[in-house]
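Please read the structure below before turning to the comments.
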Amino acid sequence: MSNEFYLDKGYSQLVKSVVLSGAGTHSVWIPKVGHRVVVTSVNISCTDAGGTIAFYFDNGNDRIAQYSLGASAFIAPVIGGWESTVASGRIFANKAAIPVDAVSINLTGFEIPVSAV
């Protein structure tokens, strides 16, 4: 769904910005209790040597997407939307083979109350 769909429904657009340091799994979006996340835009920048970054829904087994990053790369993939079905479920990023302070992530989207579904 597009941003306009959610804006027309009266939801406020949110931006979550994080800088990941160290390899491993990190929370990148923690919604309010009783809400689920809909991500409509992703921007990732890598300021050092490259590697891979993968995004997961809260249960840890549902990989949303995985990207390979080159050195000093910026990517903004076109996504239709990542919509969580888990109430209060976080979105995680897992980085591999990327130096300590090399990845910035901006996620744009909405938090939808589960009662609205």
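Can you tell me how many residues in the range 1-13 are in a loop (DSSP other than H, G, I, E, B) and farther than 19 Å from Phe57 by Cβ? Steps first, answer last, please.
The initial filter retains those residues of the range 1-13 that are in a loop (DSSP other than H, G, I, E, B), namely 1-2, 9-13.
This time we only want the ones that are farther than 19 Å from Phe57 by Cβ, so: 2, 9-13.
So the count comes out to 6.
Given the structure, is Val42 within 17 Å of Tyr11 (Cβ to Cβ), touching a residue at least 12 places away in the same chain (Cβ under 8 Å) and among the β-branched types (Val, Ile, Thr)? Full working, then the answer.
Values: within 17 Å of Tyr11 (Cβ to Cβ): no; touching a residue at least 12 places away in the same chain (Cβ under 8 Å): yes; among the β-branched types (Val, Ile, Thr): yes.
Answer is no for this residue.
Which of (1) surrounded by fewer than 17 Cβ atoms within 10 Å (Cβ to Cβ); (2) more than 21 Å from Ser115 (Cα to Cα) does Val28 not meet, given it meets every other one?
Just one mismatch for Val28, condition (1).
Considering only residues that are surrounded by 21 or more Cβ atoms within 10 Å (Cβ to Cβ) and assigned to a loop (DSSP other than H, G, I, E, B), which ones fall in the range 14-24?
The first filter runs over the range 14-24 and keeps only residues surrounded by 21 or more Cβ atoms within 10 Å (Cβ to Cβ), leaving 20.
Across the range 14-24, there are no qualifying residues.
Being surrounded by fewer than 20 Cβ atoms within 10 Å (Cβ to Cβ) and within 21 Å of Ser2 (Cβ to Cβ) is the filter here, so list the residues in the range 41-50 that pass it. Quick ask: steps written out before the conclusion?
Within the range 41-50, the subset surrounded by fewer than 20 Cβ atoms within 10 Å (Cβ to Cβ) is 41, 43, 45, 47-50.
Those that are surrounded by fewer than 20 Cβ atoms within 10 Å (Cβ to Cβ) and within 21 Å of Ser2 (Cβ to Cβ): Ser41, Asn43.
Pairs under 7 Å by beta carbon, first residue free of Cβ contacts under 8 Å to residues at least 24 places away in the same chain and under 18 Å from Val42 (Cα atoms) in the range 1-28, partner surrounded by 11 or more Cβ atoms within 10 Å (Cβ to Cβ) and among the charged types (D, E, K, R), six or more apart or different chains?
none
Bear in mind these aren't lab numbers, they're just calculated from the coordinates by the rules spelled out. Keep in mind that this is a model prediction, so the values were computed, not measured. Every residue, glycine as well, gets a Cβ built from its backbone with ideal geometry; the counts of neighbours run over all protein chains shown.
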